[in-house]
Structures are given as C-alpha cells and as structure tokens.
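Engineer: Provided herewith is a single structure, encoded as structure tokens, for subsequent inquiry.
The values are calculated or read from the model by the stated rules, or taken from the named source; none is laboratory data. Given the structure is predicted, the values throughout are model-derived calculations rather than measurements. Backbone-built Cβ (ideal geometry, glycine too); neighbour counts: all protein chains shown. Ligands, DNA and RNA are stripped out before the accessible areas are found, and what is left, the full protein with its side chains, is counted by its heavy atoms. Shrake-Rupley method; radii C 1.70, N 1.55, O 1.52, S 1.80 Å.
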Amino acid sequence: MREENFISFLEKDSNIESKSKAVKSRLSKARRVEEEFRVNLDEVVMDDQATYEILKKLRDTLDISANGSYGNAVRKYYKFVNQKDFPTLIQYERRRKI
C-alpha cells in the first residue's frame with residue numbers, strides 16, 4: 001500500500017470531516033485488511049474481481065458495524081488508485097451476472 005500518497009488523498013477528500021481521526025482510522029483499517037487477508041491492496045484494487053472478493057469476504061466474515069468501516073477503507077483505496085468509485089456489491093453482481 002502506498003501509505004503516504006493515500007494519506008494525502010484522504011486529507012484532500014471533502015467528504016471526510018474530522019481529517020486526523022478519520023484518516024488514521026481508514027489507514028489502520030486498510031493495513032488490517034492487508035494483514036488479515038494476506039494481500040497487497042495495490043494489487044487487489046487493480047482487479048475489480050479481486051476487489052469484489054475482498055469486499056464480499058469482509059461482508060461475510062465481520063459483523064455489520066465492522067464490515068462497513070473496513071469496506072469503506074478498501075473502497076477509498078480503490079478510488080485513490082483508480083480515480084473512480086467501486087460499485088456496490090449488488091451493482092457489481094448484476095453487471096457480472098453473479
């Protein structure tokens with residue numbers, strides 16, 4: 001993960017109100033996803049199917065409150081790398097007919 005660039009991206013995000021706390025939280029969650037699933041988020045977000053699989057694993061393995069924050073971190077990293085939002089899981093499944 002390109003942490004310094006990701007931090008800069010998050011700090012510029014107008015949707016994030018409490019910059020310091022929110023940025024640290026998203027960075028921590030992104031690191032945790034890499035550790036728990038033994039993946040490199042740079043590689044994951046370069047492949048939509050891999051991104052979908054990680055988000056689905058997060059949904060299926062974490063309780064609802066934790067799933068959202070970890071999924072949000074992955075989605076923010078996806079946007080940082082790809083300059084676009086990742087679709088909802090349902091939208092992705094419909095497009096791919098999963």
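Engineer: So, in segment 9-55, exactly how many residues are open to solvent by less than 40 Å² (accessible area, probe 1.4 Å) and of a type in the set (S, T, N, Q)?
Structural biologist: 1
Engineer: Just give me the residues in segment 70-98 being under 19 Å from Glu11 (Cβ atoms), touching a Leu at 6+ places or on another chain (Cβ under 9 Å) and in contact (Cβ under 8 Å) with a residue 24 or more places away in the chain, in sequence order.
Structural biologist: Ala73, Val74, Lys76, Tyr77, Tyr78, Phe80, Val81
Engineer: Quick one: how many residues across segment 34-56 are of a type outside the set (A, V, I, L, M, F, W, C) and under 11 Å from the mean Cα position of the chain (by Cα)? Show your work before the answer.
Structural biologist: First pass over segment 34-56, keeping only residues of a type outside the set (A, V, I, L, M, F, W, C): 34-36, 38, 40, 42-43, 47-49, 51-53, 56.
Keeping just the survivors that are under 11 Å from the mean Cα position of the chain (by Cα) gives 34, 42, 51-52.
Adding up the residues that qualify gives 4.
Engineer: For Thr61, which of the numbered conditions (1) closer than 17 Å to Arg2 by Cβ; (2) exposed (fewer than 15 other Cβ atoms within 10 Å of the Cβ) fails to hold?
Structural biologist: Going through (1) closer than 17 Å to Arg2 by Cβ; (2) exposed (fewer than 15 other Cβ atoms within 10 Å of the Cβ) one by one, Thr61 breaks only (1).
Engineer: Of all residues in segment 1-40, count the ones that are acidic (Asp, Glu) and closer than 21 Å to Leu58 by Cβ. Give the derivation first.
Structural biologist: Restricting attention to segment 1-40, the residues satisfying the condition of being acidic (Asp, Glu) are 3-4, 11, 13, 17, 34-36.
Adding the requirement that they be closer than 21 Å to Leu58 by Cβ leaves 3, 13, 34-36.
Number satisfying all stated conditions: 5.
Engineer: With respect to Val44, is the statement that it is out of contact with any strand residue (DSSP E or B) (no Cβ under 9 Å at 6 or more places or on another chain), in contact (Cβ under 8 Å) with a residue 40 or more places away in the chain and within 21 Å of Glu93 (Cβ to Cβ) true? Before you say what the answer is, go through the steps one by one.
Structural biologist: Working: out of contact with any strand residue (DSSP E or B) (no Cβ under 9 Å at 6 or more places or on another chain): yes; in contact (Cβ under 8 Å) with a residue 40 or more places away in the chain: no; within 21 Å of Glu93 (Cβ to Cβ): yes.
No: the conditions fail for Val44.
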